[in-house]
Amino acid sequence: MSTTDNSAPVYLEVLAAPAQFATSTPTAPIEFSGPTSYPDAISTTLAAEASEIIARYPRTRSALLPLLHLVQSQDGYLTRAGITFCADQLNLTAAQVASVATFYSMYRKEPTGRYLIGVCTNTLCAVLGGDEILAALTDHLGVSPGETTGDDAITLEHVECNAACDFAPVVMVNWEFYDNQSPSTARELADQLHADTPPPPSRGNPTLCTFRQTARLLAGLPPADEQAM
Ligand code: FES
């Protein structure tokens with residue numbers, strides 16, 4: 001029971017929770033795939049690079065995010081080997097690493113093409129044609145959002161707000177901006193990516209790196225020869 005300003009009693013009846021909230025269906029656990037360990041030579045190289053990264057932080061575990069980028073640069077996504085490697089380097093459990101890795105959308109759980117195209121269809125981009133761009137690329141590339149072309153060149157992704165609304169509709173490739181896109185310019189961009197001749201991004205970095213090279217930069221390491229990665 002509660003009271004109002006004039007002290008008239010108000011009775012609140014506590015009901016059973018609405019059906020949609022009364023039960024919940026457990027979702028399947030997120031699993032990582034790929035190899036479970038690295039060959040010795042790769043493991044040795046990664047460990048040396050990891051120690052360089054870890055030394056930058058006052059607490060070892062603070063290096064987890066760049067280390068996840070490091071193993072993503074090695075594999076193109078987060079594999080079971082990458083998760084285990086990070087856990088071993090930072091004295092964490094695999095579950096602790098996985099819980100962080102699954103929180104951030106920049107860490108991929110499936111193999112990723114050389115170019116990850118993210119099309120924003122959030123409010124402003126949608127009003128200005130984001131949905132048409134996504135549909136055009138889906139048709140042009142022959143893949144649905146979340147899938148990779150058969151030649152491993154391009155992964156198409158549907159994203160929520162690239163934080164570049166004033167340049168909508170915006171497409172990101174490997175997290176670099178391509179502003180004020182249209183279906184035809186996006187198709188042209190995809191063709192250039194397929195040919196490994198990406199145009200310069202609209203802002204920021206003057207050249208576009210591949211997905212794995214970008215992951216390496218995000219780990220805080222200098223570029224490496226793609227062939228050697
Ligand atoms: S709505 Fe597309 S970048 Fe913000």
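The values are calculated or read from the model by the stated rules, or taken from the named source; none is laboratory data. Since this is a predicted model, take the numbers as computed values, not measurements. Methodologically, a virtual Cβ is constructed for each residue, glycine included, from the backbone with ideal geometry; neighbour enumeration extends over all protein chains shown.
Restricting segment 86-110 to residues that are free of Cβ contacts under 8 Å to residues at least 24 places away in the same chain and over 29 Å from residue 153 (Cβ atoms) leaves a set whose member that is farthest from the ligand (Cβ to nearest atom) is 88. Screening residue 150 against (1) assigned to a loop (DSSP other than H, G, I, E, B); (2) of a type outside the set (Ser, Thr, Tyr); (3) within 16 Å of the ligand (Cβ to nearest atom) leaves a single unmet condition, (3). Scanning segment 135-171 for residues being within 12 Å of residue 190 (Cα to Cα), touching a Leu at 6+ places or on another chain (Cβ under 8 Å), among the aliphatic types (A, V, I, L, M) and surrounded by 19 or more Cβ atoms within 10 Å (Cβ to Cβ) gives a total of 5. Among residues of segment 112-124 that are under 19 Å from residue 168 (Cβ atoms) and part of a strand (DSSP E or B), those with a Cβ under 6 angstrom from a residue that is near the ligand (Cβ under 6 Å from one of its atoms) and of a type in the set (S, T, N, Q), sequence gap 6+ or separate chain, pair up as 120/162. Counting only helices (runs of 4 or more DSSP H) that fall entirely inside segment 16-98 and contain at least 3 residues that are modelled with pLDDT of 95 or more and in contact with a helix residue (DSSP H, G or I) (Cβ under 9 Å, 6 or more places away or on another chain), the qualifying elements are 40-54, 64-75, 80-90. Can residue 113 be described as within 14 Å of the ligand (Cβ to nearest atom) and buried (at least 19 other Cβ atoms within 10 Å of the Cβ)? So residue 113 does not fit the description; no. Restrict the check to segment 210-222 and report whether at least one residue is at pLDDT 95 or above, within 16 Å of the ligand (Cβ to nearest atom), under 21 Å from the mean Cα position of the chain (by Cα) and not acidic (Asp, Glu). No. If only residues of segment 153-167 that are farther than 12 Å from residue 181 by Cβ and small (Gly, Ala, Ser) are counted, the one that is farthest from the ligand (Cβ to nearest atom) is 153.
Scanning segment 44-62 for residues that are β-branched (Val, Ile, Thr) and under 17 Å from residue 221 (Cβ atoms) yields 44, 45, 53, 54. Restricting attention to segment 125-147 and to residues that are more than 9 Å from the ligand (Cβ to nearest atom) and part of a loop (DSSP other than H, G, I, E, B), the residue that is nearest to the chain's Cα centre (by Cα) turns out to be 146.
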